[in-house]
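Asker: The structure's right below; bear with me while I get my questions together.
The values are calculated or read from the model by the stated rules, or taken from the named source; none is laboratory data. Only a predicted model underlies this, so the values are computations on that prediction, with no experimental measurement involved. Ideal geometry is used to build each Cβ from the backbone, glycine not excepted, and the neighbour counts take in all protein chains shown. Side chains included, ligands, DNA and RNA excluded: accessible areas come from the protein's heavy atoms. Shrake-Rupley method; radii C 1.70, N 1.55, O 1.52, S 1.80 Å.
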Amino acid sequence: MLQKLRENKSVQGTLLALPTTVWLFILLIVPLMLTLIVSFGRRGPDGGVIYTFSLDNYVRLLGYNTDCAGGQTRCFDPLYFNILWRSLALAFNTTVLVIALGYPLAYFIARAHPRKRNLYLFMVLIPLWTNFVIRVYAWMMLLRKEGGINIILGWLSNLLHIPFVPLDMLYTPGAVLVGMVYEFLPFMILPIFTSLEKIDNSLYEAAADLGANSVKTFLRVTLPLSMPGVVAGTILVFIPVMGTFIVSDILGGRQVILVGNLIQRQFLDARDPTFGSAASLILMVMTLIVTYFYTRRFGFGEEIVAA
């Protein structure tokens, strides 16, 4: 009997996957189910949870409020809906900018001499050795009125005899966008570099023999074959940006509120775990929907490569 179990690959695979499956069930599925149950409840007077079935938390997130003047049962309040939309727009803008900045750099590294390639990759990874919060605070020092960027601009204006007023860049949506792009740029460069590095040089030689110029070679060979890296990088950037709150807290000065900030404050400040749970689930659903349609359109690059 024991010998048959050893020879049965299906049983072996099940036994190998069992520890991970149990671990994921305890630390992922169970907390998600608890969050779902809490999201349908109501906040108690002492900040606890009154377990009932109510959709009020989800209705509030979608722009409608039950606490209205004039005796109305429902009134439109776009506050939370705007936060959801702002988070989605910021994640989209960050992803687009990261692709625009990361792809040329990844291409440069992939085409560099093998001896220099490791040095360039090392330089890309160096920021990740520093604590995430410290890197954000470094940008805070650069973007403030007395920061490094305004000092350089002031020096250039004096040199060119141009009037200059220090720019008020900190605590703005632009500052949050800059911080997001900086923090997540390596997560786009590395997958794209991996895809570009795997492209066989003989394909470039074949394209040149067929009369393709550099632009056509890039559009017909390089870009399609590097799409798996672009898709993987997009997922690695878009999903964390949707839920992060540290960058917007520091560079936005608690004025640029994203859905991550909303969830954090509901649990820690407002002591309303029911509304925070509903916001968490809405965030997860939004992220899954965007990721689903994105991967359905592009897959993981296989469809484009096959075409």
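Asker: Just need a number here: residues in region 79-98 that are open to solvent by less than 40 Å² (accessible area, probe 1.4 Å) and without any contact (Cβ under 8 Å) to a residue 60 or more places away in the chain.
Answerer: Summing the residues that are open to solvent by less than 40 Å² (accessible area, probe 1.4 Å) and without any contact (Cβ under 8 Å) to a residue 60 or more places away in the chain in region 79-98 gives 1.
Asker: Output the residue which, of all residues in region 200-225 that are open to solvent by less than 30 Å² (accessible area, probe 1.4 Å) and touching a residue at least 60 places away in the same chain (Cβ under 8 Å), is nearest to residue 118 (Cα to Cα).
Answerer: Once the filter is applied, the top-ranked residue is 222.
Asker: Would you mind telling me which numbered condition in (1) at negative phi; (2) at pLDDT below 90 residue 229 fails?
Answerer: Evaluating residue 229 over (1) at negative phi; (2) at pLDDT below 90 leaves (2) as the failure.
Asker: If you scan region 257-281, which residues turn out to be touching a residue at least 40 places away in the same chain (Cβ under 8 Å), open to solvent by 30 Å² or more (accessible area, probe 1.4 Å) and of a type in the set (A, V, I, L, M)?
Answerer: Hit for region 257-281 is 257, nothing else.
Asker: For region 143-198, which positions are of a type in the set (Gly, Ala, Ser) and touching a Gly at 6+ places or on another chain (Cβ under 6 Å)?
Answerer: Once the filter is applied, which keeps residues that are of a type in the set (Gly, Ala, Ser) and touching a Gly at 6+ places or on another chain (Cβ under 6 Å), region 143-198 yields only 195.
Asker: Let me ask another. Go through region 111-122 residue by residue and tally those that are surrounded by 10 or more Cβ atoms within 10 Å (Cβ to Cβ) and under 27 Å from the mean Cα position of the chain (by Cα).
Answerer: 5
Asker: Next question. Output the number of the condition that residue 125 fails; it satisfies all remaining conditions of (1) surrounded by 13 or more Cβ atoms within 10 Å (Cβ to Cβ); (2) farther than 30 Å from residue 282 by Cβ; (3) in contact with a helix residue (DSSP H, G or I) (Cβ under 8 Å, 6 or more places away or on another chain).
Answerer: Checking residue 125 against (1) surrounded by 13 or more Cβ atoms within 10 Å (Cβ to Cβ); (2) farther than 30 Å from residue 282 by Cβ; (3) in contact with a helix residue (DSSP H, G or I) (Cβ under 8 Å, 6 or more places away or on another chain), the one that fails is (1).
Asker: Test residue 286 against the stated conditions and say whether it is open to solvent by 20 Å² or more (accessible area, probe 1.4 Å) and closer than 16 Å to residue 89 by Cα.
Answerer: yes
Asker: If you check residue 28 against the conditions, is it open to solvent by 80 Å² or more (accessible area, probe 1.4 Å) and at pLDDT 85 or above?
Answerer: So residue 28 passes the test.
Asker: Follow-up question, since we're still on this one. Within the set of pairs 6 or more residues apart or between chains, which connect a residue that is free of Cβ contacts under 8 Å to residues at least 40 places away in the same chain inside region 99-127 to a residue that is part of a helix (DSSP H, G or I) and open to solvent by 60 Å² or more (accessible area, probe 1.4 Å) with Cβ atoms less than 9 Å apart?
Answerer: These pairs meet every condition: 112/119; 117/197; 120/105; 120/108.
Asker: Check region 188-196 and report whether any residue there is of a type in the set (S, T, N, Q) and more than 21 Å from residue 124 (Cα to Cα).
Answerer: Within region 188-196, none of the residues are of a type in the set (S, T, N, Q) and more than 21 Å from residue 124 (Cα to Cα).
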